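Right, one structure below, let's go through it.
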Amino acid sequence: MRSKKSRAEGWRSDPFFHDKPTEEESLLFVGHVGVLLTAEDGTLHFVEKVAFQEPYRMLRFADRTALSDCLMGKYDTSWGQDMESPFIMENDKLMDGWRPNPDSGSSALG
């Protein structure tokens, strides 16, 4: 998505969640979707809708690791349940800068 004024590029960013409701059943699902825009100065703008009754919101980040930390801090919450940590995709690849929640001892990839 390009605009002549801002020249921002749009990327879809999807945190994926893994749940294991029973020993026989395992689920992987998209838990949240947002649009990631890169401004000319390199600032990242993440546009998301967090609830039906809330308006869209835009958050600004210096880099993808800061975005990862924000999303992982918000969505990496299993509250002691048998779940793996979420991971964040940018289009069809693991997002550059993704890392496990720095405030949690868990890791989705290792």
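Every read-out reported here was derived from the displayed coordinates using simple, explicitly stated rules and does not represent laboratory data. Since this is a predicted model, take the numbers as computed values, not measurements. Reconstructed Cβ throughout: ideal geometry from the backbone, glycine too, with neighbour counts over all protein chains shown.
Return the long-range amide H neighbours of Gly34 (sequence gap of 5 or more, or a different chain), with a cut-off of under 5 Å between placed amide H atoms.
Ser13
Could you please rank Met72, Met89, placing first whichever residue has the fewest other Cβ atoms within 10 Å of its Cβ?
Met89, Met72
Cβ under 9 Å from Tyr56's Cβ, Tyr56 left aside: what net charge do those residues give with Lys, Arg +1 and Asp, Glu -1?
Numbers: positive: Lys49, Arg57; negative: Glu48, Glu54.
Net of charged neighbours comes to 0.
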